[in-house]
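Structure first, commentary second.
The values are calculated or read from the model by the stated rules, or taken from the named source; none is laboratory data. Predicted model only: the values in this text are computed from it and were never measured. Note: ideal-geometry Cβ built from the backbone for every residue, glycine included; neighbour counts use all protein chains shown. Accessible surface is based on the protein model in full, side chains and every heavy atom, while ligands, DNA and RNA are left aside. Shrake-Rupley method; radii C 1.70, N 1.55, O 1.52, S 1.80 Å.
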Amino acid sequence: MPIVSDQEYLSLKEASEWATNYTKKRITTSNILYLVQYGRIKKHGENGTIYVSQKELENYYKTFIEKRQIEWKKQLGEDLNWALSFEQFKESETTKHVHRLHPYKGKFIPQLVEYFLDSHTDSFKNEIFFQKGDLVLDPFCGSGTTLVQANELGMHAIGVDVSAFNALISNCKVQKYDLFKLQKQIDDITKILKEFIYRTNIIDFENELQEQLTKYNNQYFPVPEYKYKIRQKQINEEKYGKEKERDFLKIYLSLIQKYKVQLKNEKQTNFLDKWYIPHIRKEIEVVFNAIKDVEDTNNKKILSVILSRTIRSCRATTHADLATLKEPVITTYYCSKHGKICKPLFSILKWWLTYTKDTIKRLQEFDKLRTNTFQICLTGDSREIDLYEELKKRNHPLADIIKEKKISGIFSSPPYVGLIDYHEQHAYAYDLFGFERKDELEIGPLFKGQGKEARDSYVEGVAQVLLNCKKYLADDYNVFLVANDKYNLYPLIAEKAGMKIINQYKRPVLNRTEKDKGAYSEIIFHLKEK
Ligand SMILES: C[S@@+](CC[C@H](N)C(=O)[O-])C[C@H]1O[C@@H](n2cnc3c(N)ncnc32)[C@H](O)[C@@H]1O
């Protein structure tokens, strides 16, 4: 171990203990290793043992954590309630069990729902709003976070979403499955997929491409030196990346020729044609047809969700642009996220295997926590849906519960004005499954913008939803709405819905997307009958 100046060097284990103590948050050795691999701190040590400098580590945490709180309060106001950031929770906890069955842009974290639904009190929440056995409503159900947490807490819940695919995800999360049978169906489908792949030359092509890529990346993008040099500005990433991208393209194109791999679909009429190379398109079809043959409806649905998650990861885009598709990328490219040359995908097999395994694991985890309660997400427009009639039509036990005992309250996050197109974010799934799209019924979609007209119709829309829901709410209901109200629309919405805002909790939103880490807060409005 080199002794350099007065710096103290720590092994990964020591560093993780030191950092845990310093940040009061559990920091694992892999968290430290991540910092090293991504060039945030430098690697020291010889003979394969990694050491890090305590000073450098301390600087890192000072800059990224302590400063953040001060900076954010400066920007967003001193009334920011840092306890509601839930920063002590690791990502694996905020995406626990079924919450990560399928990506969905715009969900809230389960800990936030739990905070308001459960029976604890603290200096901010000095009252208990919901009890076990209560019925909770989420009229903007999204991917079903409220439903899942209600179940965990022993509460019944109804969700409504205008997007059929979102309702599918939500219902799949709360559904109980015969996991043994599901595993068998997965194995059968995997076998069909593998047999299809083995009849093509795509594996040989990918193996050779991978071999070349590994050689090239090891030579020109060594880990972790390359990233460290970028952070230290010793390399101009853009220039260097472009140069190497061009260089490797020659190798890539010669392999494409050698194996006669087709890169584009002849017709480009829908999302699937545009975003999937022909071979992947065929694999998707093979799996989809196999799912169609599954008899059990519930298993068929969860298998469809796995397929959807799989194909989402296989769109012909760069790793950095997965969330915001630009143009299809069908060649190798310099990837700023991974700091090396990456390649597009040529098979869905890897992701299918990963996600089938992951889904079973998540369903098992949730099985251990679930209570004997009822949850369902209905597909419809919350401004006008007749909850009782819809539940009766589906012969659901909640039809009786809603009649006998009214809904205790709402926990929901309406869309924010002009931020997300909720149908469009799952365009691949609508194309594949042929669900009817109802984009024009979305409240506050991105495609309508944030202008005056859009804001007015947003106010009307959310107020109408609340008025419609009120028909089913108990007299002393509690309504909690999570919103980023940058246009100050909620006082008017409350007024129009005959409600009053009795409290506002302002929470910082951490861990947003990679690209978007700026100061950001949202408000949880607590409303009651006027
Ligand atoms: C912010 S998201 C909710 C996310 C959810 N809290 C979660 O954790 O997944 C808002 C949802 O409202 C839905 N929505 C928009 N307009 C609607 C309407 N008129 N009726 C019902 N749902 C609507 C969107 O499809 C979207 O899924």
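When the solvent-accessible area of segment 393-514 is split by element, carbon and sulfur atoms take up 48 percent of it, the probe being 1.4 Å. Helix 12-23 axis versus longest C-alpha principal axis of the chain: approximately 30°, rounded to the nearest ten.
Computing Rg and the Kirkwood Rh from the Cα coordinates of segment 54-126 gives a ratio, Rg/Rh, of 1.04. The fraction of accessible area contributed by carbon and sulfur in segment 180-287 is 51 percent, rounded to a whole number (1.4 Å probe; ligands and nucleic acids excluded).
With angles folded into 0 to 90 degrees, how steeply does helix 297-313 sit against the dominant principal axis of the chain? Use alpha carbons for both and round to 10. Its long axis makes an angle of about 40 degrees.
The antiparallel fraction among DSSP beta bridges confined to the chain stands at about 55%. Solvent exposure of Glu442, expressed as accessible area, is near 10 Å², computed with a probe of 1.4 Å over the protein chains only.
Mean residue ellipticity, 222 nm, helices only, the chain: the sum of -39500 (n - 2.57) across DSSP H runs of n ≥ 4, divided by residue count and rounded to 500, is -14000 deg cm²/dmol.
Post the alpha-carbon centroid distance, segment 309-348 to segment 26-91, in whole angstrom. Segment 309-348 and segment 26-91 have Cα centres separated by 28 Å. Computed about its Cα centre, the charge dipole of segment 296-386 is approximately 520 debye, with only Lys, Arg, Asp and Glu carrying charge at their Cβ.
Give the carbon-plus-sulfur fraction of the accessible surface of segment 289-332 in %, rounded to a whole number; probe 1.4 Å, heavy atoms of protein chains only. Carbon and sulfur atoms account for 46 percent of the accessible area of segment 289-332. Rg and Dmax, both from the Cα atoms of segment 137-206 and both in Å, are 18.4, 53.
At an R0 of 60 angstrom, the distance between the Cβ atoms of Asp386 and Asn201 translates into a FRET efficiency of 0.60.
Shown here for segment 112-158: GluC sites (Glu not before Pro) in loop regions (DSSP other than H, G, I, E, B) with at most 10 other Cβ atoms within 10 Å, namely Glu127. Projected label points at Lys42 and Lys67, each 7 Å from Cα along the beta carbon direction, are separated by 1.9 nanometres. Applying 0.36 nm per residue to the separation of Lys258 and Ser336 and subtracting their alpha-carbon distance, the gain on full extension is 25.2 nm. Spacing of the modelled spin labels on Glu114 and Glu91, each 7 Å from Cα toward Cβ, amounts to 1.9 nm. In this structure the chain gives 49 Å² per residue of accessible area when probed at 1.4 Å with all protein chains present.
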